[in-house]
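Engineer: Structure provided below as structure tokens; questions to follow.
The values are calculated or read from the model by the stated rules, or taken from the named source; none is laboratory data. Given the structure is predicted, the values throughout are model-derived calculations rather than measurements. So basically every Cβ, Gly included, is an ideal-geometry build from the backbone, and we count neighbours across all protein chains shown.
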Amino acid sequence: MAVSDSLEKNIYLNPKHFFRRIIQIVADLRLAIILLLVIAVFSITGTVIEQGETLPFYQQNYPEDPALFGFLSWKVILFIGLNHVYSTWWYLSLLILFGTSLVACTFTRQFPALKSARNWKFYNKERQFEKLALSAELTTGSLPIFKQILFQKGYKIFEENNSLYARKGIIGKIGPIIVHAAMIITLLGSIIGVMTGFFAQEMVASGDTFQVRNIIESGPFSNSWIPKDWGIKVNRFWIDYTPNGNVDQFYSDLSVVDTEGKELDHKIIHVNEPLRYKGVTFYQTNWGISSVKVQINNSPIFRLPMAQLNTNGNGQIWGTWIPTKPDLSEGISLLARDLQGTMMVYDKTGKLYSAVRPGMDLDINGVTLKVKELLGSTGLQIKADPGIPIVYTGFGLLMLGVVMSYVSHSQIWALQEGDRFYIGGKTNRAQVIFEREMLEMIDSMEKTT
């Protein structure tokens, strides 16, 4: 027992031995599986729980009494960081630890396995073939004939005196290394995206120019990706409706402009067809009514903002109040549900007075109200994620590596001693196919000789 304790102390006191022990722990397959499961669980949590919402949202949907599952309340969500799972320090730490485990496993297991597969040795004695899972002793056969058969089957052949070694499918040993590298690249891309990317939302009226300001989430190194010397001008926003009045598609005509208003790029976007410029993507996600242009009698045309009203979930309504007297003592209310043009006018007592469309005149409160135009606003989701190309590269390599891993690594040995011909082989997968191939080669050699 004393000797064992002494050895254990020496392992941990010797830095070299201690480092090797740490590498062994990190490279353990069981640790990698546990980390992968934990990451998967929290990734699913980030999908189920809404990310990046406001405090009132979580207080309303995840109350303390009754708490979801008896413990999951808004306080727990905010304390742990489940409202922004993918950017929390502990989630990033799990990714880094998992990546470290993959790197350690690659260098301690996969590279040595590849090196071992690339090395070969010849079998010079009969008893060596008896250790193989598949072997045969023939009374006929010759190395030159067998060599030709192996060549036709795609084997790489090595020959020494009366011994022969052949292999194929070495790519199957490279596949797992590619898979590990792909996973590491994917993790790296995810971390870069979280650390350098940002997410923002803007509601912009037609004709307005804006720069990205309303940032919802951003990484600590995202400042270089947030546009500073250019902005977006919303030239026009419009909606296509179906014959029954439902929204079919909404569009935004966008121009990328510099600080002097010069157009740098232009695109009409809609859902699933965003604008991309200098690594920043603008998605069409929402819409609203921003304002209405009206005229009272022969007054100048003025623009009044319209606000979205609370309908308790019964659809969307925007409204504004239009004064009909210079001292603002009287006015009317104007309501609209969409941009199709029909607006409802309510008098000063709150009663429905009439419906009006853009271009129509309406006499009310002793004045003539002229509604000139109803202006929409576009809801844009803005995102920059520099890690996406890296993640896509990782996924591409992952698929390639998985396909490569399914290639069987087959090895065959042969030895000719007098009138005796020994043959044997093994493979790491597709055992039945390999056995059939061996039998075919033996049969071909016997027929030839």
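Engineer: For the range 47-64, how many residues are under 24 Å from the mean Cα position of the chain (by Cα) and touching a residue at least 12 places away in the same chain (Cβ under 8 Å)?
Structural biologist: Adding up the residues that qualify gives 5.
Engineer: Here's another thing I want to ask about it. Note down all Cβ pairs under 6 Å where the first residue falls in the range 348-359 and is among the charged types (D, E, K, R), the second is surrounded by 10 or more Cβ atoms within 10 Å (Cβ to Cβ) and assigned to a loop (DSSP other than H, G, I, E, B), and they're at least six residues apart or on different chains.
Structural biologist: As it stands, the answer is 348/330; 357/341; 357/342, since those pairs meet every condition given.
Engineer: As an exercise: evaluate residue 157 against (1) within 27 Å of residue 402 (Cα to Cα); (2) crowded, with 16+ Cβ neighbours inside 10 Å; (3) touching a residue at least 40 places away in the same chain (Cβ under 8 Å); (4) β-branched (Val, Ile, Thr) and give the number of the one condition it does not meet.
Structural biologist: So residue 157 meets the others, but not (3).
Engineer: Does the range 298-307 contain at least one residue that is farther than 26 Å from residue 231 by Cα, in a strand (DSSP E or B) and at pLDDT below 90? Lay out the reasoning, then the answer.
Structural biologist: From the range 298-307, those farther than 26 Å from residue 231 by Cα are 298-302; that's our starting set.
Imposing the further condition that a residue be in a strand (DSSP E or B) reduces the set to 302.
Within this subset, residues satisfying the condition of being at pLDDT below 90 are 302.
Yes; the residues of the range 298-307 include at least one that is farther than 26 Å from residue 231 by Cα, in a strand (DSSP E or B) and at pLDDT below 90.
Engineer: Same structure, new question: Hey, among 207, 175, which residue is in contact with a helix residue (DSSP H, G or I) (Cβ under 7 Å, 6 or more places away or on another chain), outside any strand (DSSP E or B) and at pLDDT below 90?
Structural biologist: 175
Engineer: Here are some residues: 237, 250. Which one is at pLDDT 90 or above, assigned to a strand (DSSP E or B) and not assigned by TED's automatic domain parsing to the domain that holds residue 144?
Structural biologist: 237
Each row is one residue, and each column tells you yes or no for (1) in contact with a strand residue (DSSP E or B) (Cβ under 6 Å, 6 or more places away or on another chain); (2) surrounded by fewer than 21 Cβ atoms within 10 Å (Cβ to Cβ); (3) part of a strand (DSSP E or B); (4) at pLDDT 90 or above.
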position	(1), (2), (3), (4)
372	yes, yes, yes, no
378	yes, no, yes, yes
382	yes, no, yes, yes
399	no, yes, no, yes
402	no, yes, no, yes
413	yes, no, yes, yes
429	no, yes, no, no
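Engineer: Quick check, is residue 115 farther than 30 Å from residue 386 by Cβ, part of a helix (DSSP H, G or I), under 44 Å from the mean Cα position of the chain (by Cα) and not assigned by TED's automatic domain parsing to the domain that holds residue 288?
Structural biologist: Working: farther than 30 Å from residue 386 by Cβ: yes; part of a helix (DSSP H, G or I): yes; under 44 Å from the mean Cα position of the chain (by Cα): yes; not assigned by TED's automatic domain parsing to the domain that holds residue 288: yes.
Answer is yes for this residue.
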